[in-house]
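Chemist: Sending over a structure as structure tokens; questions will come in a sec.
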Amino acid sequence: MIAPTPTPPYYAVIFTSIRTVVDNNYAGMAERMVELAEQQPGYLGHESARNELGITVSYWSSLEAIQNWKMNTEHLSAQQNGREEWYAHYKTRICKVERDYGFEK
């Protein structure tokens, strides 16, 4: 599903990752992070896809909202687990969306 986003400007956090072979409840933690993010002030939605390369884009109303999400206690724990167990490599990019457009049949 494509996330419904407001009229720009807003912000996108692009999280790109390559997983390790360790599972250790990765799916459960990922599901919990979505639930938790949805409760954060400033959260607008997200989109995610995974094959060998995983890409999750979350949308936020402000840089402050992104910073608050980054510092959330449960999210900090998930970040640590990610570095120690789940990810072989990841990259986070934060972008300001200045224009968007789309098409739907």
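Chemist: So, of the residues in the stretch 1-41 that are polar (S, T, N, Q) and modelled with pLDDT under 95, which turns out to be farthest from residue 97 (Cα to Cα)?
Modeler: Per the stated criteria, the residue is 24.
Chemist: Report the residue count in the stretch 1-22 for those that are loosely packed, with under 12 Cβ neighbours inside 10 Å and within 21 Å of residue 91 (Cα to Cα).
Modeler: Of the residues in that region, 1 qualify.
Chemist: Which numbered condition trips up residue 59, out of (1) over 15 Å from residue 100 (Cα atoms); (2) crowded, with 17+ Cβ neighbours inside 10 Å?
Modeler: So the condition that residue 59 fails would be (1).
Chemist: What strands (runs of 3 or more DSSP E) completely inside the stretch 1-71 contain at least 2 residues that are over 14 Å from the mean Cα position of the chain (by Cα)? Quick ask: steps written out before the conclusion?
Modeler: Values: elements: 10-19, 43-50, 53-60.
Strands (runs of 3 or more DSSP E) meeting the threshold: 10-19.
Chemist: Looking at (1) in contact (Cβ under 8 Å) with a residue 12 or more places away in the chain; (2) more than 23 Å from residue 1 (Cβ to Cβ), can you tell me which one residue 99 breaks?
Modeler: (2)
Chemist: Still on this structure, please answer the following. Exactly one of (1) surrounded by 12 or more Cβ atoms within 10 Å (Cβ to Cβ); (2) modelled with pLDDT of 95 or more; (3) farther than 26 Å from residue 104 by Cβ; (4) not polar (S, T, N, Q) is unmet by residue 83. Its number?
Modeler: (1)
Chemist: Further question on the same structure: Got a sec? Which of 48, 58 is out of contact with any Asp or Glu (no Cβ under 9 Å at 6 or more places or on another chain) and either of a type outside the set (Asp, Glu) or under 18 Å from residue 76 (Cβ atoms) (or both)?
Modeler: Working: 58 fails: out of contact with any Asp or Glu (no Cβ under 9 Å at 6 or more places or on another chain).
48 is the lone residue from the list that is out of contact with any Asp or Glu (no Cβ under 9 Å at 6 or more places or on another chain) and either of a type outside the set (Asp, Glu) or under 18 Å from residue 76 (Cβ atoms) (or both).
Chemist: Something else now. Could you tell me which of the residues 25, 68 is of a type in the set (S, T, N, Q) and either surrounded by fewer than 14 Cβ atoms within 10 Å (Cβ to Cβ) or free of Cβ contacts under 8 Å to residues at least 24 places away in the same chain (or both)? Full working, then the answer.
Modeler: Working: 68 fails: either surrounded by fewer than 14 Cβ atoms within 10 Å (Cβ to Cβ) or free of Cβ contacts under 8 Å to residues at least 24 places away in the same chain (or both).
So the residue among 25, 68 that is of a type in the set (S, T, N, Q) and either surrounded by fewer than 14 Cβ atoms within 10 Å (Cβ to Cβ) or free of Cβ contacts under 8 Å to residues at least 24 places away in the same chain (or both) is 25.
The values are calculated or read from the model by the stated rules, or taken from the named source; none is laboratory data. Values in this document were obtained by computation on a predicted structure and should not be read as measured data. Quick reminder, even Gly has a Cβ in these numbers, built from the backbone with ideal geometry, and neighbours come from all protein chains shown.
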